[in-house]
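> I have a structure I would like to understand better, so I am pasting it below and will then ask my questions one at a time.
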Amino acid sequence: MNAQAMHGRTLDPTAPRPAFGTVIAPIMAVASWRDGKWSSHELKKTAPIELSPAAHVLHYASTCFEGFKAYRWADGSINIFRMDRHIARMRQSARLLGMPEPDGVQLATMVTAVVDRVRSEVPEPPGSLYLRPMLIGTNPGVGGATSPPTECLLIVIASPVWDYFDTGPKPLRIYVEEQATRTASLMGMVKTGGNYAAAIGPMVAARQKYQVDQVLFCPGGAVQETGAANFLLIREGKILTRGLDTSFLHGVTRESLLTIAPELGFTVEERAFKVDEMLDWVAEGEAALSGTAAILAGVGTLVRSGGKEYRVGSGDVGPHTKRLRTALVSMQLGEIPTPEGWITRV
């Protein structure tokens with residue numbers, strides 16, 4: 001399926017929607033790092049890239065990436081949500097991996113150039129254009145295990161996407177993993193493919209055994225995050241989430257929700273907490289996962305080792321979760337004001 005088939009003004013609402021992220025827009029932006037400097041970027045037709053089988057990224061995982069969205073507003077304009085924050089996080093990821101940091105101005109120009117070229121394919125709400133900048137080490141050689149890459153590609157691709165949940169938000173089943181960690185403790189705050197790969201095995205095993213949607217990693221009983229999202233506990237007037245440290249990704253959606261929460265009447269507490277406290281909370285409260293793709297997804301059931309299940313609140317997506325999600329989506333769509341700097345118009 002081509003990207004145009006996703007366009008919100010032409011999509012048949014009864015037709016099956018492609019899986020999230022499987023449709024790639026026809027234009028990408030590319031820049032390269034060589035001899036200690038970045039080249040000018042080029043806009044190209046989206047196509048396979050040429051890569052040596054000895055490329056650094058294929059052997060030593062020298063890669064980081066970002067994910068954020070552009071939205072079509074009611075006035076027809078195209079607007080990117082929190083691009084500056086995502087670019088800053090990508091530069092941090094590159095720095096922590098010992099890779100060359102993308103120039104922030106150049107990367108922003110690459111992103112907006114791609115969005116501008118494919119603006120006609122940005123779906124109507126609840127769809128959006130998912131943006132994926134990536135940095136990979138490309139210099140050939142299988143002896144570079146202890147050295148950062150000397151040559152890199154910076155690529156920006158885009159994917160027209162529909163709502164993450166085909167039939168609307170649904171309560172998730174989450175397995176509570178109380179032994180394994182999602183990532184190495186110093187790498188959790190880096191958005192790199194290896195962190196996601198490390199979570200796939202435990203997720204596959206938990207899905208097969210307990211029919212869950214995700215795994216919540218709680219090493220030693222300390223609640224951390226899932227394989228692809230941050231974790232929040234919510235109830236009337238209060239949000240509890242783990243305080244920032246190097247063991248998990250500092251989500252921009254999480255940050256956005258915590259920023260607007262006080263305006264909606266919530267106090268925010270960021271600190272460490274254990275599985276037992278979480279289970280006490282969800283007896284009457286709510287739990288949710290936050291991330292760019294799903295925004296804020298309610299949890300309906302928690303499952304511990306051995307298969308014991310704990311219903312979260314009513315077992316459905318809770319009203320406070322829905323309220324927070326609605327408020328953030330309204331900001332993304334330009335329906336209500338946002339803090340300064342959150343929106344970039346293309």
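The values are calculated or read from the model by the stated rules, or taken from the named source; none is laboratory data. The structure displayed is predicted, hence computed values, not measured ones. In this analysis, Cβ positions are derived from the backbone assuming ideal geometry, glycine residues included, and neighbour counts consider all displayed protein chains. What goes into the accessible areas is simple: the full protein's heavy atoms, side chains included, and nothing from ligands, DNA or RNA. Shrake-Rupley method; radii C 1.70, N 1.55, O 1.52, S 1.80 Å.
> Using the Cα centre of segment 1-141 as the reference point, and only Cβ charges (+1 on K/R, -1 on D/E), how large is the resulting charge dipole? Debye, rounded to the nearest 20.
The dipole magnitude comes to about 160 debye.
> Additional query: What size of dipole, in debye to the nearest 20, comes out for segment 79-204 about its Cα centre when the only charges are +1 on Lys and Arg C-beta atoms and -1 on Asp and Glu C-beta atoms?
200
> Out of (1) 1.17; (2) 0.91; (3) 1.00, which label holds the value of Cα Rg over 2.2 N^0.38 Å that was computed here?
(3)
> Could you work out the relative contact order of the chain, using alpha carbon pairs under 8 angstrom and six or more residues apart, expressed as a whole percent?
On the way: 746 pairs, mean separation 64.7, N = 346.
Answer for the chain is 19 percent.
> Right, next: Just subtract the alpha-carbon distance of Arg119 and Ala272 from 0.36 nm times their residue separation and send over the number in nm, one decimal. Walk me through the intermediate numbers first.
Working: separation 153, 0.36 × 153 = 55.08 nm, distance 4.24 nm.
Here the segment from Arg119 to Ala272 would lengthen by 50.8 nm.
> What FRET efficiency do you get for Ser305 and Val30 if R0 is 35 Å and r is their Cβ-Cβ distance, rounded to the nearest 0.05?
Values: r = 46 Å, r/R0 = 1.31.
Here the calculated transfer efficiency is 0.15.
> Next question. Taking only protein heavy atoms into account and a 1.4 Å probe, give the accessible area per residue of segment 224-346 in Å².
Accessible area per residue, segment 224-346: 41 Å².
> While we're looking at this one, here's another question. Can you find, among Gly298, Leu153, Leu172, the residue farthest towards the positive end of the dipole of the chain? Put +1 on the C-beta of Lys and Arg, -1 on that of Asp and Glu.
Most positive-ward Cα: Leu153.
> For segment 145-238, with all protein chains present and a 1.4 Å probe, just round the carbon and sulfur fraction of the accessible area to a whole percent. Could you put the intermediate results ahead of the total?
Numbers: 2150 of 3860 Å².
So the carbon and sulfur contribution to the accessible surface is 56 percent.
> OK, next. Quick one: with all protein chains in place, what share of the accessible area of segment 82-143 is carbon or sulfur, to the nearest percent (1.4 Å probe)?
Numbers: 1150 of 2230 Å².
Its accessible area is 51 percent carbon and sulfur atoms.
> Ok, one more. With each pseudo-label sitting 7 Å past Cα toward Cβ, what's the Thr246-Ala15 distance in nm, one decimal?
Inter-label distance under the simple model: 4.9 nm.
> Can you bin every Cα-Cα distance in segment 106-256 into 5 Å intervals starting at zero and give me the percent of pairs per bin, rounded to whole numbers?
That works out to 2, 7, 12, 15, 17, 17, 15, 10, 4, 1, 0, 0, in percent per bin.
> Would you list the P(r) distribution for segment 256-346, with all Cα-Cα distances sorted into 10 Å bins from 0 and each bin expressed as a whole %?
Result, from short to long distances: 14, 42, 29, 12, 3, 0 percent.
> Over all directions, how big on average is the projection of the convex hull of the alpha-carbon atoms in segment 206-286, in square nanometres? Numbers along the way, then the final one.
Numbers: hull surface 23.3 nm².
With the hull built on Cα positions only, its mean projection is 5.8 nm².
> Pull out the extension gain between Arg345 and Glu236, defined as 0.36 nm times the separation in residues minus the alpha carbon to alpha carbon distance; nm, one decimal.
Answer, rounded to one decimal: 35.8 nm.
> So, one more: Rounding to the nearest 20 debye, state how big the charge dipole of the chain is about its Cα centre with +1 on each Lys and Arg Cβ and -1 on each Asp and Glu Cβ. Kindly include the intermediate steps, with their values, before the conclusion.
On the way: 35 positive and 34 negative charges, 77 e Å.
Roughly 360 debye for the chain.
> Could you check the simple spin-label distance between Ala54 and Ala197, using points 7 Å along Cα→Cβ, in nm with one decimal?
2.0
> Which whole-number percentage describes the relative contact order of segment 41-100, with Cα contacts under 8 Å and a sequence gap of 6 or more?
Relative contact order here is 26 percent.
> Also, quick follow-up: Do the sum for the chain: with -39,500 (n - 2.57) for every DSSP H run of n ≥ 4, divided by all residues, what is the mean residue ellipticity at 222 nm, to the nearest 500 deg cm²/dmol?
When only DSSP H runs of four or more count, the value is -7500 deg cm²/dmol.
> On a full-extension model of 0.36 nm per residue, what is the gain between Leu186 and Glu42, subtracting their alpha-carbon distance, rounded to one decimal in nm?
Numbers: separation 144, 0.36 × 144 = 51.84 nm, distance 3.43 nm.
So the extension gain works out to 48.4 nm.
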